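Laboratory data are not the source of any read-out in this text; all were calculated from the coordinates shown. This structure is a prediction, so every number in the text was calculated from the model and none was measured. Glycine gets a Cβ as well: all are built from the backbone with ideal geometry, and neighbour counts include every protein chain shown.
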Amino acid sequence: MSEWLVLTIAMASACAVVLTIAVLNNRRIGEDDDPSETPDVIEYMTMMIGVVYAIVLGLAIAGVWEGRSAAQESVRLEAQALHEVSARAAVYPAEVRDRIRGDVDAYVSYVVNDEWKAMTDHATLTAEGTRLLDRLRADVTEYQPKTDHEGQAYQPLVDQVAAVDDARGSRGQNAGATMPGVVWFGLITGALVTVGLIFTLQIRRTFRELLLAGLFSVLIAFLLFLIWDFDAPFGRGISATTAPFDDLFPHATGG
């Protein structure tokens, strides 16, 4: 059973139960009942729906912001691990050192100038980026240390390459949208219901009331836009950046 069918059944069941209870309760009321003595619950229900929706919006914003922060952190860890590989290769012979550093620069340049755009457009990593990282791993792991000093540097270098691979995988997992469709359905439906309930409060056409209603609607639209913008950590305006690569490898990124 699909999640959309489950959601539809749950919502229809809840609505049916509430309406049934309301109808049955209304039939039990006698003819001498005075509705004016019953507290008006419209304002209370409107307030509660607004509070619940505000909580949902807050949780959604916190979730997408956390995803954006995690994406930026994965970029920082990847850049830092590559910097460590380049720095620790200094103990190797010039030919090996230059080859490893060339692999690092080629990988960084490709990630910043080409793969980043692919993540933005298609929310996925590229085969070429994987190939460049594999070449770096091969040049690091296949070298056989010839001195004790080189032997002490070998394992940390291998570990840093593994850290690059792990951070790259995390970057790929964070490239796409994080909010499921069912959550967006709830957010948009909740926005329509919350804004629609304004009209149950008998708003008149005074400047103050129209201004407040307009500002409330604008606020809801802004918060939904904020969630949508944060939902793609690498693809929209307020997204993760290549700053860690630019700071550590200005010669490779052209920064």
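Hydrodynamic estimate: the Kirkwood radius of the chain over Cα pairs, inserted into Stokes-Einstein at 25 °C and 0.890 mPa s, corresponds to D of 107 µm²/s. What's the magnitude of the charge dipole for the stretch 43-192 around its Cα centre, counting Lys and Arg as +1 and Asp and Glu as -1 at the beta-carbon? Answer in Debye, nearest 20. Once rounded to the nearest 20, the dipole reads 180 debye.
Tell me the net charge near ARG76. Cut-off is 15 Å between Cβ atoms, ARG76 excluded, with +1 for each Lys or Arg and -1 for each Asp or Glu. Counting the neighbours of ARG76, the net charge comes to -3. Protection proxy ranking of 162-169, 183-190, by the mean of other Cβ atoms within 10 Å over each peptide's residues and highest first, is 162-169, 183-190.
A straight line joining the Cα centroids of the stretch 165-195 and the stretch 53-73 runs 9 Å.
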